[in-house]
Amino acid sequence: MRARSVLALLAVLSPVLLLACSPSSTSDTPADPGAPASASSAAAVCDKEPAGPSSAPAGAVTVDPGVDGDLVTKTRNSPPGTTFWLAPGVHRLGDEKYAQVQPKDGDSYIGAPGAVLDGKQVNQYAFTGHASDVKIQHLTVQGFDAPRDEGVVNHDSGDGWVIEHNTLQHNGGAALMAGARQQVRGNCLRDNGQYGMNAYKDGTLTGLVVEGNEITGNNTDDWESKEPGCGCTGGVKFWAVNGADVRGNWVHDNRGIGLWADTNNNDFLIEGNLIENNDGAAIEYEASYNATIRNNTIRRNNWVTGHDYADRGDSFPVATIYISESGGEPRIPARTKQLDIEGNVLEDNWSGITLWENADRFCNSPANTSSGSCTLLVPDKDQCSAPAIETAPLLADCRWKTQNVDIHDNRFTLDSGVVGCSVGCGRMGLLSNYGTYPDWSPYKGDTVQDEITKDQHNSWHDNTYVGPWTFVYGDASQILDTYQWQNAPYSQDEGSTFARGNG
């Protein structure tokens, strides 16, 4: 077996180290997925943020907390590139729903120790507009009431924003939206109504860095209960992001999925994070392309979702790393041409890794939950219609494919007594459904089942397993033991080791 990464070994020997260390890398240059693993690890920053300057920096405009709307007025009346220093105290924007700060290009907002920007559940948004290269540092932003799927800070997804060492908490919607080249470093994104961050922008959102943040307790409004199946909850949601580094974060205790990349994301590096105690999957990579998921410590996730499935008798291998209609695609430029899952430590989660592809979900299908979206290979969804979809290249390119997924040098441990399950919680999955819909679908029957299992280059190898693991292959009814999984005709997990028992 190949040597496991430094981070993975440290995680096995002393998980406490993951909370004691802070990220070692602050480079603005995205990491090379082929480089040696970083020793960076997740940081506990909530209630431990470094204090901002106790006096106004040279040339800064001082903002008075005793004057409601002072920040709005002074931003409006100052030229681009102004630095604003928010003095200690609680700052308010005014009594109107849409009283909000609209920065200009290059503006900076720096909080003094104890500076709080509070929406008092009156204002919807804190920082809006399309200005570029805005900085927000050392502030607590709380009490804003953004609607579902909208955000409080960088509401309009301005480009080049730097968000550092802030506490964004107790807001509605998402605490933070994202634009291209945005840097989100060392923040506490805590107890927000929907997400800690919602990374979506019309057009191309490129070059996003999310590093060294604590992302915890989000989805306090429990949106999935209000609107079952909305797919709109968790720690962070990414949509159509091209190029993201997500590293050294502590993602924990969110109601829903920890990190969720949903629809036409590409070129992700998810590295060196501690992801634990989230109700749903730790990581979901859905209808997306080309990613490296490496050297993460992932523990005690997916218990709520897993028990829900088990209680209703659903045998689907609901997973902690869930790869859904996603994989490597060499025709789409990225730092990797596959979906590589390497060097991770998964401990006492509800199940492990599932590779899934819905045979009825493809561009222009009514079953496509990413409504209105087509694959990155076919920009116009109307092309994916009968009869053209029945022949090359559309027959292949109208599908989001779970392909070229390489799962290796990971450690999977499971104590079913800790998880509280007797069956179904120790599974890996490689499967699809039997295609039936719509009537004109060219993917009916076992077409996609055959392709995902036999022809799309999905492989487990050189992993370590401890505990009662089983393997789902083809469809949810076919469950294999380790001997069957490793031998013909399945031939998975070559070079892997298995130890029974609990953990």
How about LYS135: which lysines have a C-alpha closer than 28 Å to its C-alpha, ignoring those fewer than 8 places off in the same chain? LYS48, LYS74, LYS97, LYS104, LYS120, LYS201, LYS237
What does the highest-first list of 177-185, 47-55 look like by mean Cβ count within 10 Å? 177-185, 47-55
Can you report the principal axis dimensions of the range 440-500 using only the alpha carbons, biggest first, rounded to whole angstrom? 47, 22, 16
For the chain: relative contact order, % (alpha-carbon pairs under 8 angstrom, 6 or more apart): 9 percent
Straight-line reach from LYS444: which lysines have Cα under 19 Å away, leaving out those fewer than 8 places along the same chain? LYS401, LYS454
Whole Å is fine, so just give me how far the alpha carbon centre of the range 85-99 lies from that of the range 317-356. 43 Å
Measure off 7 Å from each Cα along the Cα-to-Cβ vector at THR73 and LYS337, then give the distance between these two points in nanometres to one decimal. 6.2 nm
Would you give the gap between the C-alpha center of the range 180-227 and the C-alpha center of the range 278-315, rounded to a whole Å? 18 Å
Binned at 10 Å starting from 0, the alpha-carbon pair-distance distribution of the range 256-499 in whole percents comes out as 8, 33, 37, 18, 4, 0
Measuring from label point to label point, each 7 Å out along Cα→Cβ, what is the HIS130 to TYR98 span in nm? 1.6 nm
If I take the Cα coordinates of the chain and project them onto the principal axes, what are the three extents in Å, biggest first? 73, 56, 42
May I ask you to order 243-249, 413-419, 57-63 by the average number of other C-beta atoms within 10 Å around their residues, highest value first? 243-249, 413-419, 57-63
Taking a cut-off of 16 Å between Cα atoms, list the aspartates and glutamates near LYS381, but don't count ones fewer than 8 places away on the same chain. ASP360, GLU390, ASP397
If packing is taken as the average number of other Cβ atoms within 10 Å across a peptide's residues, how do 308-319, 219-230 rank, most packed first? 308-319, 219-230
16 Å reach of a label modelled at TYR483, 7 Å along Cα-to-Cβ, counting backbone N of the range 431-470: 469-470
Which of ASN264, ILE136, ALA319 sits farthest toward the positive end of the charge dipole of the chain, with +1 on the Cβ of Lys and Arg and -1 on the Cβ of Asp and Glu? ILE136
Taking the alpha-carbon centre of each part, the distance from the range 455-503 to the range 253-274 in Å is 25 Å
Rounded to the nearest whole Å², what accessible area per residue is found for the chain with the 1.4 Å probe? 36 Å²
Calculated from DSSP H runs of 4 or more alone, at -39500 (n - 2.57) each and per residue, what is the 222 nm mean residue ellipticity of the chain, nearest 500? -2000 deg cm²/dmol
Taking all protein chains in place and a 1.4 Å probe, what share, in percent, of the accessible surface of the range 256-499 do carbon and sulfur account for? 49 percent
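The values are calculated or read from the model by the stated rules, or taken from the named source; none is laboratory data. Since the structure is predicted, the reported quantities are computational estimates derived from the model, not experimental observations. Every residue, glycine among them, receives a Cβ derived from its backbone with ideal geometry; neighbour counts consider all protein chains shown. What goes into the accessible areas is simple: the full protein's heavy atoms, side chains included, and nothing from ligands, DNA or RNA. Shrake-Rupley method; radii C 1.70, N 1.55, O 1.52, S 1.80 Å.
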